[in-house]
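*Asks:* First the structure, which I've put down as structure tokens, then a few questions once you've had a look.
The values are calculated or read from the model by the stated rules, or taken from the named source; none is laboratory data. Owing to the predicted nature of the structure, the values given are computational and were not obtained by experimental measurement. Methodologically, a virtual Cβ is constructed for each residue, glycine included, from the backbone with ideal geometry; neighbour enumeration extends over all protein chains shown. Heads up: the accessible areas ignore ligands, DNA and RNA and are worked out on the full protein's heavy atoms, side chains in. Shrake-Rupley method; radii C 1.70, N 1.55, O 1.52, S 1.80 Å.
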Amino acid sequence: MGYLPKNARVLAGNIRVNGQVLTDVPGSTQNRWRTAAATTMVYQEPGSALNPSMRIGEQLAEVFRYHEHLSKSDAAERAQAMLERVCLPDSGSMMRRYPHQLSGGQQQRVVIAMALAANPSVLILDEPTTGLDATVQAEIIDLVQEVRRSLDGAMLFISHNLALVHETCDRLAVLYAGRIVEEGPSDEVFAAPQHPYTMSLLRCVPSVYSSKRSQILTPIPGSLPRPGEVFTGCYFAPRCVLARDVCTLGEPGLESVGEGRRSRCRFAGETVSLPSVGSQAASTALAARTSDSLLEVHGLTKRYGNTVVCNDISLTIRRGEVLGLVGESGSGKTTLARCIAGLIQPTSGAIVLEGVSLHAKLARRPGKMLRSIQMVFQNPDSTLNQATLFDMCSLGQSGRLQGDWSVDDLALEVSLGARQLEQRTIQLSGGKQRAAIGRAIAGTPQIVLCDEPVSALDVSVQASVLSLLIKIQEHSQVAYLFISHDLAVVRYISDRVAVMYLGEICEFGESEAVFVGPHHPYTEALLASIPDVHRTAPREGCASLRGTIPSLTHPPSGCRFHTRCPHSLLGLCDRERPPWRDLGEEHWIRCHMVAWAGDTRTGTLGLRHAVAGEV
């Protein structure tokens, strides 16, 4: 795209688009050339790519006026047609809105529409779904697939989400330390990797069909080389389980290992002998779970004016368990966690820890209660002070934590080295979230509230953090409330799961029961949207989930999900609040229908409406 800073330059090689060597085009004319060649890019943060002071229609029409020199009215007409092409509802109304009035998924669709408006020869998507809910992510990927079919050009899809790459891309190139280490057809690379780094990445990814009791995630030891660090051999050798003396003698070339496949490894043929994720046995050291109640929430409601963010929430977290909390953005997950932590005060309801009712105000809670509940936030930049990591984690205990844990041990487990212990948090860059997790579990809490704790981490560090959380859980019987939009991660780490929709819990039960089914129609839609790197059949998508999440200011009457539910009945679901239904073994759903069969692996689900008088 020609966006390198002024002190950076291309030292060798070239870039060709439609036969034209871009690196031969003078810098003063590159922008004009890119316009003619139509090379466009979609970025990770759609909110920062849109002008907050311009209406959506104006921003999109501007592209047509610049590229095709259309009149204002013609450009507006084309802009509205483009919004319809990316499946945005009520395109006329959407044209008049500002970016802040759109959801994250809608903003990303607008950015994609702007990129497509130039009819690009090359469309680059850089982490286009990071941070989006599972359902919105699935919608964007379905849109990308549709664009790919209609685009007379090529797409470059950049992502650390291996499951999305698996479901989206025809071919795959794996980068390590600025080098391509493996390349080939996507299906073949995922089925039989020919480089140890690719296999190591796959071993870090949890499957939606497995849990911590059936699968061990194996983080890659060590860390990436620093920029500018020079090796005499293979750059991956210090972290590679196949490394031998010859690997340090010279860097291997990117050699052919089959038709359309290349690998930068002298022992590529041995990669398939490494154990795959599915063949790993789970640790037998996992302690037996207890049924003792640790924290109870009774009828919690949080209201801001006329907006009810959490409505009559009741749940129990047991000692030493992981309770997963899932749902789309705006469903009230973070608000619930902040109420439990005492950061905001609920409007009504009670929170009980070990039989003692917690005061709604944080300042009124005794010190022991404050230490018992810790929280890991989604954005570490705004939640860490500027002390060194060692000072934050030692808590005046001379570097010793509970039991055998030391600050050095803890830092190592969250992939932070001894050098980083003496750095202030502002210097940690990508290590800030790992520092936040280490800080939260350093003080022997009874429960840790984890709000999207691994959403910004690559798969290897994510595996390391998840393994650490499990190890701490078993070591000290700490409990977690684990909030995440990554359902595969929730499935892996959680013992029980609560599903929230529009401020209410609509399903609650053992993780296995919730993910396998039968389940609530909303849970069905969430599960249908999960990409899985280990899936062999194509994902069916989430076409059953209509529209966007309604406003909490004016929630739908009756069942809050009926406006998007493919099974809703007019006159029942839109009028009457659904009852809780016991599916057995502490598995509950709030629905007018009775689920009688369901399996997310086969995609089958049967539902029927309850008959009057039936239990």
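*Asks:* So in region 329-349, with the set limited to residues that are part of a helix (DSSP H, G or I) and within 19 Å of PRO366 (Cβ to Cβ), which one is most open to solvent (accessible area, probe 1.4 Å)?
*Replies:* So the residue we want is ALA341.
*Asks:* Only residues that are closer than 15 Å to ALA498 by Cβ and either in a loop (DSSP other than H, G, I, E, B) or among the small types (Gly, Ala, Ser) (or both): list them for region 578-590, please.
*Replies:* Residues satisfying the conditions are LEU583, GLU586, HIS587.
*Asks:* Report the residue count in region 78-136 for those that are in contact with a strand residue (DSSP E or B) (Cβ under 7 Å, 6 or more places away or on another chain) and β-branched (Val, Ile, Thr).
*Replies:* Final tally of qualifying residues: 4.
*Asks:* I would also like to ask the following. In region 40-159, which helices (runs of 4 or more DSSP H) lie fully inside it and hold 2 or more residues that are open to solvent by 10 Å² or more (accessible area, probe 1.4 Å) and among the basic types (Lys, Arg)?
*Replies:* Where helices (runs of 4 or more DSSP H) fall fully within region 40-159 and carry at least 2 residues being open to solvent by 10 Å² or more (accessible area, probe 1.4 Å) and among the basic types (Lys, Arg), they are 72-85, 134-150.
*Asks:* Pick from region 160-191 the residues that are of a type in the set (Gly, Ala, Ser) and assigned to a loop (DSSP other than H, G, I, E, B): which of them is nearest to THR39 (Cα to Cα)?
*Replies:* The selected residue is GLY178.
*Asks:* Now, a different point. Could you go through region 245-261 and let me know if any residue there is open to solvent by less than 30 Å² (accessible area, probe 1.4 Å), modelled with pLDDT under 95, closer than 19 Å to MET199 by Cα and not in a loop (DSSP other than H, G, I, E, B).
*Replies:* yes
*Asks:* Restricting attention to region 350-372, and to residues there that are open to solvent by 30 Å² or more (accessible area, probe 1.4 Å) and part of a loop (DSSP other than H, G, I, E, B), which single residue is nearest to PHE482 (Cα to Cα)?
*Replies:* It comes out as GLU354.
*Asks:* Then there is this: Which of the residues belonging to region 480-499 are among the aliphatic types (A, V, I, L, M) and either part of a loop (DSSP other than H, G, I, E, B) or farther than 14 Å from GLU452 by Cα (or both)?
*Replies:* VAL497, ALA498, VAL499
*Asks:* Do we have any residue at all in region 100-112 that's within 30 Å of SER263 (Cβ to Cβ), at pLDDT below 90 and touching an Asp or Glu at 6+ places or on another chain (Cβ under 8 Å)?
*Replies:* Taking every residue of region 100-112 in turn, none turns out to be within 30 Å of SER263 (Cβ to Cβ), at pLDDT below 90 and touching an Asp or Glu at 6+ places or on another chain (Cβ under 8 Å).
*Asks:* Would you mind finding the one in ARG226, ARG213, ARG239 that is touching a residue at least 24 places away in the same chain (Cβ under 8 Å) and open to solvent by 60 Å² or more (accessible area, probe 1.4 Å)?
*Replies:* None of the others qualify; the one that does is ARG213.
*Asks:* Only residues that are more than 20 Å from GLY330 (Cβ to Cβ) and surrounded by fewer than 24 Cβ atoms within 10 Å (Cβ to Cβ): list them for region 494-516, please.
*Replies:* Answer for region 494-516, where residues must be more than 20 Å from GLY330 (Cβ to Cβ) and surrounded by fewer than 24 Cβ atoms within 10 Å (Cβ to Cβ): ASP495, ARG496, GLY509, GLU510, SER511, GLU512, ALA513, VAL516.
*Asks:* Something else: What's the number of the condition TYR209 fails, among (1) hydroxyl-bearing (Ser, Thr, Tyr); (2) over 20 Å from the mean Cα position of the chain (by Cα); (3) at pLDDT below 85?
*Replies:* (2)
Table: residues versus (1) within 25 Å of THR198 (Cβ to Cβ); (2) in contact with a strand residue (DSSP E or B) (Cβ under 7 Å, 6 or more places away or on another chain); (3) open to solvent by 20 Å² or more (accessible area, probe 1.4 Å); (4) not polar (S, T, N, Q).
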{"residue": "THR444", "(1), (2), (3), (4)": "no, no, yes, no"}
{"residue": "LEU449", "(1), (2), (3), (4)": "no, yes, no, yes"}
{"residue": "GLU452", "(1), (2), (3), (4)": "no, yes, no, yes"}
{"residue": "SER460", "(1), (2), (3), (4)": "yes, no, no, no"}
{"residue": "LEU466", "(1), (2), (3), (4)": "yes, no, no, yes"}
{"residue": "PHE482", "(1), (2), (3), (4)": "no, yes, no, yes"}
{"residue": "VAL489", "(1), (2), (3), (4)": "yes, no, no, yes"}
